[in-house]
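Here the structure comes first, spelled out in structure tokens, and everything after it is commentary.
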Amino acid sequence: MAKGLLIVNTGDGKGKTTAALGQVFRALGHGFRICVIQFIKGSWKYGELEAGKQFPDQLEIHVMGRGFTWKSEDIDKDIKVAQEAWDFAKQVVLSNKYDLIVLDELTYLISYGMVAEEEVVNFLKLRPEKLHVVVTGRGASQSLMDAADLVTEMKDIKHPFAAGVKAQPGIEF
């Protein structure tokens, strides 16, 4: 591995986390050690958590959030949890235990002002040289995209939710 990449999956369309998990699956096939940190996901039963159990020696998944914070009943608690999760993520990045780290929905922590954008961007710029990091979430900031080696924007063209179809296991979670 010549250079660890900073990859950002952003945009208003579905598939940001799904693309990151596809990257995880590909990396597992190459023997990578991987850590996925989910900043917003709450107590739902997600398919990726069950699938991850099949790779106990290569893959760790940490669900750090309290759910969808835009529906928060206690934003101060959400901010505290978000800051603790970011502190945990920094430790993981510096641990040298992983080849790939996914920071799922990290962009929300920045856009909601839960963690400082400048701190996140500067920290990710200084990550270990060979470490790949994937950041997902809507509304990635320009400075995060500028720091990235690869940015993909998912665009919402058509989604079944608009026709009243609710989230389904195996597709949305």
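The values are calculated or read from the model by the stated rules, or taken from the named source; none is laboratory data. Since this is a predicted model, take the numbers as computed values, not measurements. A quick note on method: Cβ atoms are made from the backbone with ideal geometry, for glycine too, and the neighbour counts reach across all protein chains shown.
Overview of results
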| item | result |
| --- | --- |
| Index of the failed condition, L144 passing every other in (1) under 15 Å from the mean Cα position of the chain (by Cα); (2) part of a loop (DSSP other than H, G, I, E, B) | (2) |
| Flag if L100 is crowded, with 20+ Cβ neighbours inside 10 Å and either under 16 Å from I7 (Cβ atoms) or in contact with a Lys or Arg (Cβ under 7 Å, 6 or more places away or on another chain) (or both) | yes |
| Within the range 1-95, helices (runs of 4 or more DSSP H) holding 3 or more residues that are at pLDDT 95 or above | 16-29, 75-94 |
| Verdict on V165 being in contact (Cβ under 8 Å) with a residue 60 or more places away in the chain and either in a strand (DSSP E or B) or of a type outside the set (D, E, K, R) (or both) | no |
